[in-house]
Amino acid sequence: MENPKKATSQESRKTMVSIKNLHKVFGQNLHVLQGIDLEVKAGEVAVILGPSGSGKSTLLRCINFLETPTAGTITVDGLTVNAGKATKEEESKILQIRKKTGMCFQSFNLFPHMTALENVIEGPVTVLGQSKSEAIPYAMELLEWVGLSDKKDEHPSRLSGGQQQRVAIARSLAMKPDVMLFDEPTSALDPELVGEVVDVMERLAEEGMTILAVTHEMHFARDVAHRVLIMDGGKWIEQGPPEEIFTNPKETRSKQFLAHILN
Amino acid sequence: MDNSSKMNKSSIPPEAQAILKQVADRETRFRKNMLISFIVLTLLAIGLFILIKLDFKFMIKWLGFILTGMGFTLLVSFLAISLACILSVIGALGRLSSNPVANSLATAYVSLIRGTPLLVQVYMWYLALPQLGKAIEELGVPGIQSLLTLPAIPAGILALGVCYGAYMTETVRAGIQSITIGQREAAKALGMTDGQAMRRIIFPQALRVIIPPISNEFIAMIKDSSLVSLMGVWELSYRAIKIGRRYFQSLEMLIMVALIYWVMCVLLQYVQERIETYMARGDRRMS
């Protein structure tokens, strides 16, 4: 799979995702995100860590507006949406942002009434208006790339969890996204199936995809990510290159959290 | 799955094979006994018919006449169920809508129609609507009375369709709500609009859940279509009752018409099973 967006040099990279002062309140007083700022450059791989309930998934889901942020701004590839404004213009910008971002869910969420191939062409056909024959060659290329071209006619119920997640990744990539969001992609998998999914994510990173991942997969965080961010209580605790964060965390809470997950 | 079990057959120890054989035998015996029970039941029924001196000749003589009424029954049922399907989808979308007007309209529709007897509704469409038309015409809308004076069959189709539409609205709503939120989120994450997500992702899956209860409604409607006989339509049951009364042989006629309804419903049930098997195609782990 050719990726035309392969980044050239660290400096010339443009900002792919920019989040400013993001707040999310569930109901009246469950303040999950408390003023999050985040910039992700094109081609950067950022991993978000943090205890459960810290707001990692909510942040990810705010970026493609599966959750509506309560306040703040989100910019993806130059498109800025202000939270709290529910105009028609904002609505269409949200749809644009969703087309630019691919998302992988913990529970895969493949469409069970469609085969693997139908799942992958669904986005291009329904959202981009391509004909099936236009969409199929690239979809097959993607299935090949995730190693599942022989499973193209299987329904999701006949695939293992790891295979389902790989089809889900292919489904997202079929939209040619600029950034991929991974929301605990391996948490629902049996241990022996985690590797095949992480492997695909790793190859995606190598090809220069911008990745924002919430994962507890330490190998990915340590060896693939360019930056690790630790969140707790809806705020950043600490961030930096993985070697720094894992070997020499500065904040007490990061130390506690890392000690907990690394053992 | 099948292949692996065949491959392993040789490694299954003889004592386990004996148990497997017992299980298989038990299943065969069960099926055989079921069949015997059905045959005995049928023979008993026929015996009873002969015992009470049922006039089979009379039944066969009038069979053709009664069956001609089936056309009306099927016409009314099919058109009414089509109307009900359309209304139920619109109603369900209304019930799930965040638009207060659409939501309250749909809720009122379901509540009102489910809360009143079908019999009253049939008469409402047939007898009360012309009066409403007259009142509106007197308010200054010309021609509305004749428009609202419906012949028996259209009135029956509307009454049945609107009534069953209300019940089915709740079925369709429940079906749509049974699809996990993750499906809608996956569709949205791809950039689909709400309409596209509903059409491509949610509804096709909901359909699988709602086919059995909808078939149920259809079977009930086939039988409720006999209510149009109240308006003098010569459908199945009306004919049977008329002839039965005329010759004082109601028993024969009623048994016959009951059997005809039954056969129709058994056929429908078969169609339902075929549709369900087709809809479940994404669900089979082993074929």
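Calculation over all alpha carbon pairs of chain B in 5 angstrom steps from 0 returns a P(r) of 1, 5, 8, 10, 11, 12, 11, 10, 9, 8, 6, 4, 3, 1, 1, 0, 0, 0, 0 percent. Summarising the amide proton neighbourhood of residue A:237: residues at separation of 5 or more, or on other chains, whose placed amide H is nearer than 5 Å comprise A:230, A:231, A:232. Build a GNM of chain A with springs between Cα atoms under 10 Å: which of A:89, A:217, A:202 gets the top mean-square fluctuation? Checking each option, the largest mean-square fluctuation is seen for A:89.
Treating each Cα of the range B:234-278 as one equal point scatterer and applying the Debye formula with no solvent, the log10 of I(q)/I(0) at q = 0.26, 0.27, 0.33 Å⁻¹ comes out as -0.82, -0.85, -1.04. Working note: Cα gyration tensor of the range B:185-287, eigenvalues times five, square-rooted, sorted largest first, giving semi-axes of 44, 17, 6 Å. With contributions of -39500 (n - 2.57) from each DSSP H run of at least four residues, the per-residue ellipticity at 222 nm computed over chain A stands at -10000 deg cm²/dmol.
In the structure shown, the pairs A:24/A:88; A:14/A:93; A:152/B:21; A:14/B:188; A:152/B:188 are assessed against 28 Å; a Cα-Cα span above that value is assigned to A:152/B:21.
Taking a Cβ cut-off of under 13 Å around residue B:267, the surrounding Lys, Arg, Asp and Glu residues balance to a net charge of 0, with basic ones at +1 and acidic ones at -1. Quick one: if the Förster radius is 22 Å, what FRET efficiency do residue A:82 and residue A:31 give, using the C-beta to C-beta distance and rounding to 0.05? Computed FRET efficiency for residue A:82 and residue A:31: 0.70. Where a Cα-Cα gap under 19 Å defines reach, which aspartates and glutamates qualify for residue A:250, not counting those fewer than 8 residues away within the same chain? The qualifying aspartates and glutamates are A:232, A:238.
Which helices pass in chain B if a helix is a full DSSP H run, must span at least 18 angstrom along its long axis by Cα, and must have mean Kyte-Doolittle hydropathy not below -0.5? In chain B, the long hydrophobic H runs are B:14-51, B:56-95, B:100-114, B:152-177, B:203-224, B:250-279.
Computed over Cα pairs, the Kirkwood radius of the range A:62-215 leads via Stokes-Einstein (1.306 mPa s, 10 °C) to a diffusion coefficient of 99 µm² per second.
Largest GNM mean-square fluctuation across B:215, B:97, B:37, computed for chain B with C-alpha springs under 10 Å, falls on B:37.
Counting partner chain Cβ atoms within 10 Å of every residue's Cβ in A:64-75, what's the average?
1
Here chain A was treated as a single set of alpha-carbon atoms; its pair distances binned every 5 Å from 0 give 1, 6, 13, 17, 19, 17, 14, 9, 4, 1, 0, 0 percent. Only lysines eight or more places from residue B:53 in sequence, or on another chain, were considered; those with a Cα closer than 23 Å are B:61, B:242. Label positions at residue B:55 and residue B:141, each projected 7 Å from the Cα along the C-beta direction, are separated by 5.2 nm.
Please work out how much length the chain gains when fully extended from residue B:281 to residue B:266, using 0.36 nm per residue of separation minus the C-alpha to C-alpha distance, in nm with one decimal.
That works out to 3.1 nm of additional length.
Dimensions of the protein assembly as shown along the principal axes, based on C-alpha atoms and rounded to the nearest Å, stand at 101, 86, 45, largest first. Helix A:191-206 versus the longest principal axis of chain A: what angle, 0 to 90°, nearest 10, using Cα atoms? Helix A:191-206 sits roughly 90 degrees off the main axis of chain A.
Computed from backbone phi, the HN-Hα couplings of the range A:100-110 come to 7, 10, x, 9, 10, 9, 4, 9, 6, 6, 5 Hz, rounded to whole numbers (Karplus: 6.51 cos²θ - 1.76 cosθ + 1.60, θ = phi - 60°; Gly and Pro given as x). The DSSP beta bridges internal to the protein assembly as shown are antiparallel in roughly 60% of cases. Computed from the Cα positions only, the extents of the range B:71-219 along the three principal axes stand at 56, 38, 24 Å, in decreasing order. The HN-Hα couplings worked out from phi for the range A:175-188 by the Karplus form 6.51 cos²θ - 1.76 cosθ + 1.60 (θ = phi - 60°) are 7, 6, x, 8, 9, 10, 9, 10, 9, 6, x, 10, 5, 9 Hz, whole numbers, x standing for Gly and Pro.
Throughout, read-outs are computed from the coordinates displayed, never taken from laboratory work. The structure displayed is predicted, hence computed values, not measured ones. As a convention, Cβ positions derive from the backbone with ideal geometry for all residues, glycine included, and neighbour counts pool all protein chains shown.
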